[in-house]
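Visitor: Pasting in a structure now, in structure tokens, and then I'll have a few things to ask.
The values are calculated or read from the model by the stated rules, or taken from the named source; none is laboratory data. Computed from a predicted model, the values in this text were never measured in an experiment. Backbone-built Cβ (ideal geometry, glycine too); neighbour counts: all protein chains shown. To get the accessible areas, we keep the full protein, side chains included, count just its heavy atoms, and leave off ligands, DNA and RNA. Shrake-Rupley method; radii C 1.70, N 1.55, O 1.52, S 1.80 Å.
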Amino acid sequence: MSVSFLDRAVSGVHALRPYEPGKPVEELQRELGLSDVIKLASNENPLGPGPRALAALRDATPGFAAYPDGTGFRLKHKLADHLDIDPARIALGNGSNDVIDLLARVFLGPGRAAIFSEYAFAIYALVVRAVGAEAKVAAARPRDDAMSLGHDLDRFRELLDESVRLIYIANPNNPTGTWLAPDALVAFLDAVPEDVVVVLDEAYREYMDPALLVPSRHLLDRHPNLVVTRTFSKIHGLAGLRIGYALGDANVINLVNRVRQPFNANSFAMVAAEAALDDAEHVARSASLNRTGREWLRAALTERGLATLPSQANFITVDVGRPASVVFDGLLREGVIVRPLGGYGLPQSLRVTVGTEPQNQRFIAALQRVLDGG
Ligand SMILES: *Cc1c(COP(=O)(O)O)cnc(C)c1O
């Protein structure tokens, strides 16, 4: 008799499927015998880490055998200086996904609920359901809206009830690239009960037009129920090292530290992150390359009659007007890896990360060939 381990799993796991990451470059090269594959699928920085982070990693002293500093003393103090915040208000994570998960483990469980948007970052549904909590999904803005498929905070408010303990907001959101007007977010925070924790995920903050930035550091002081998460995976180019953090009220951060594995942030990630914080030049160069590339891509896609979503992030989501999985496969054969969004409920959309200028040109040329051929 074979055991159905699915029946034995906690109920929240039944609704989950393993997360499908973007295909690794090496795998596609092996499969197709291609040598020159580009990956524009995981919103990584095409410039990689900055020179300061690389130099710090080269000179890193911690060694492989020693456990990392479980308090993250140096990185937290560096962040504290940068952000003018008490280190007791910072929790480090093995990527910001880790702190997003830790917050669910602190505040959610069976009989409790979290709100997030339709077409929001996939990790929210994963962490909420994994702990047996209810996911209340707020309908996104309509397609013909200026902020097409973006978060609709009015819908969030309608879903508030006694069971809701946590709200996840991504600004900008992945995979839509959409953002919230700062005053809309401020009004939302004023309306949410002060014992409901609002997680503002700012993974792409550094890519935004400065005029659109939410004053999140200032809002943290006004709203003890606000938690802001940030990462070194995106503009700092350190996704492979896994390091991110949460900022919040010291009492909330204390709860996160209760469930956190003591060595969740590794030595090398912390060393690189510290140096990356000092590399304003690399951040500026990356943001500028992204802005130019994003505008160029958007124009090139629009010129070909394809509808794109507005984006303040380092990617563009495009409606290819046919099953995106077919276009995705065609692009793979051209050696270009992008992200099909069927898993997000957008079966005609692809998300493409803004690359370097030659990478963007290669993507558009390959897309043209695929669309012409099919
Ligand atoms: C990429 C991304 C993150 C960052 O994940 P890490 O675990 O820090 O690599 C967080 N939120 C969103 C919306 C993202 O797209």
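Visitor: Could the peptides 304-312, 277-285, 208-216 be put in order, highest first, of the mean number of other beta-carbon atoms found within 10 Å of their residues?
Guide: Highest-to-lowest ranking by the protection proxy: 304-312, 277-285, 208-216.
Visitor: Please give the per residue accessible area of the range 179-231, computed with a probe of 1.4 Å over protein heavy atoms only, in Å².
Guide: Working: 2000 Å² over 53 residues.
Spelled out: the 1.4 Å probe surface of the range 179-231, per residue, equals 38 Å².
Visitor: So, for the range 85-149, what is the accessible surface per residue at a probe of 1.4 Å, expressed in square angstrom? Spell out each step's value before the answer.
Guide: Values: 2300 Å² over 65 residues.
Per-residue accessible area for the range 85-149 comes out at 35 Å².
Visitor: Using a ≥ b ≥ c from the Cα gyration tensor of the range 309-374 (square roots of the eigenvalues), is it rounded, prolate or oblate, where a/c under 1.5 gives rounded and otherwise the larger of a/b and b/c decides, a/b for prolate?
Guide: Verdict is oblate for the range 309-374.
Visitor: With the other protein chains left in place, how much accessible area per residue, in square angstrom, belongs to the range 240-287 at a 1.4 angstrom probe? The partial results should precede the final answer.
Guide: Values: 1940 Å² over 48 residues.
Spelled out: the 1.4 Å probe surface of the range 240-287, per residue, equals 40 Å².
Visitor: Amide H neighbours of Val227 under 5 Å, counting only residues 5+ apart in sequence or on other chains, H built in-plane at 1.01 Å?
Guide: Sorted by chain and number, the residues that satisfy this are Val198, Val199, Leu200.
Visitor: Averaging over every viewing direction, what projected area does the convex hull of the Cα atoms of the range 34-151 cover, in nm²?
Guide: On the way: hull surface 51.6 nm².
That works out to 12.9 nm².
Visitor: Can you list the HN-Hα couplings for the range 330-337, worked out from phi with the Karplus curve (6.51, -1.76, 1.60; θ = phi - 60°), rounded to whole Hz and with x for Gly and Pro?
Guide: Values per residue, Gly and Pro as x: x, 5, 4, 5, 8, x, 10, 9 Hz.
Visitor: With all protein chains present, calculate the accessible area of Glu31 using a 1.4 Å probe and round the result to the nearest 10 Å².
Guide: Here the accessible area works out near 110 Å².
Visitor: Two decimals, Cα atoms only, Kirkwood Rh: what is Rg/Rh over the range 219-315? Walk me through the numbers on the way to the answer.
Guide: Details: Rg = 17.8 Å, Rh = 16.3 Å.
For the range 219-315, the value is 1.09.
Visitor: Follow-up. For a quick check of understanding: with a 1.4 angstrom probe and all protein chains in place, what accessible area in square angstrom does Asp101 have, to the nearest ten?
Guide: Per-residue accessible area (Asp101): approximately 50 Å².
Visitor: Moving on. When the accessible area of the chain is computed with all protein chains present and a 1.4 Å probe, what percentage of it is carbon and sulfur?
Guide: Numbers: 8800 of 16880 Å².
Of all accessible area on the chain, carbon and sulfur atoms account for 52 percent.
Visitor: Taking the convex hull of the alpha carbon atoms in the range 248-296, what volume per residue do you get, in Å³?
Guide: Numbers: hull volume 6.6 nm³, N = 49.
Hull volume normalised by residue count: 136 Å³.
Visitor: Taking amide H positions as placed in the peptide plane 1.01 Å from N, state which residues far from Gly95 in sequence (5 or more) or on other chains have amide H under 5 Å from it.
Guide: Ile243, Gly244
Visitor: Taking the Cα centre as origin and putting +1 on Lys and Arg beta-carbons and -1 on Asp and Glu beta-carbons, what dipole magnitude results for the range 119-214, to the nearest 20 debye? List each step's numbers first, then the result.
Guide: Values: 8 positive and 16 negative charges, 75 e Å.
About 360 debye.
Visitor: Oh, and also: Quick one: P(r) of the range 213-259 from all Cα-Cα pairs, 5 Å bins, percents rounded to integers, in order of increasing distance.
Guide: Going from the shortest bin to the longest, the percentages are 5, 19, 23, 20, 17, 14, 2.
Visitor: What Kirkwood Rh does the range 256-374 have if only Cα atoms enter the pairwise 1/r average? Answer in Å. Present the calculation step by step, with values, prior to reporting the outcome.
Guide: On the way: mean 1/r = 0.0613 Å⁻¹.
Here the Kirkwood hydrodynamic radius works out to 16.3 Å.
Visitor: Give the separation of the Cα centroids, the range 215-270 to the range 107-168, in Å.
Guide: The distance from the Cα centre of the range 215-270 to that of the range 107-168 comes to 21 Å.
Visitor: Let me ask something additional. Under the classification rounded if a/c is under 1.5, otherwise prolate if a/b is larger than b/c and oblate if not, where does the range 130-253 fall, given a ≥ b ≥ c as square roots of the Cα gyration tensor eigenvalues? If you can, show how the numbers build up before the last one.
Guide: Values: a/c = 1.37, a/b = 1.10, b/c = 1.25.
Rounded.
Visitor: Hey, what do the phi angles of the range 106-118 turn into as Karplus ³J(HN,Hα) couplings, whole Hz, using 6.51/-1.76/1.60 and θ = phi - 60°, x for Gly and Pro?
Guide: 6, 9, 10, x, x, x, 10, 9, 10, 10, 8, 8, 4
Visitor: Sequence-distant or interchain residues sharing an amide H contact under 5 Å with Ala307, placed H: which?
Guide: When sequence neighbours closer than 5 places are left aside, the close amide H contacts are Asp319.
Visitor: Sticking with this structure for a sec: Pop out the Kirkwood hydrodynamic radius of the range 78-120 from its pairwise C-alpha distances, inverse of mean 1/r, in Å to one decimal. Can you show the working numbers first?
Guide: On the way: mean 1/r = 0.0790 Å⁻¹.
Hydrodynamic radius (Kirkwood, Cα pairs) of the range 78-120 is 12.7 Å.
Visitor: Placing +1 at every Lys and Arg Cβ and -1 at every Asp and Glu Cβ, with all other atoms neutral, what dipole size does the chain have around its Cα centre, in debye to the nearest 20? Walk me through the numbers on the way to the answer.
Guide: Numbers: 39 positive and 44 negative charges, 140 e Å.
About 680 debye.
Visitor: Also, quick follow-up: When the scattering of the chain is computed by the Debye formula from its Cα atoms alone, each counted once and equally, what is log10 I(q)/I(0) at q = 0.11 Å⁻¹?
Guide: Result of the Debye calculation: -0.80.
Visitor: While we're on this one: Would you mind calculating the gained length between Thr71 and Ala139 on full extension (0.36 nm times residue separation, minus the Cα-Cα distance), in nm to one decimal? Don't jump to the answer; show the numbers that get you there.
Guide: Details: separation 68, 0.36 × 68 = 24.48 nm, distance 3.93 nm.
Between Thr71 and Ala139, full extension yields 20.5 nm more.
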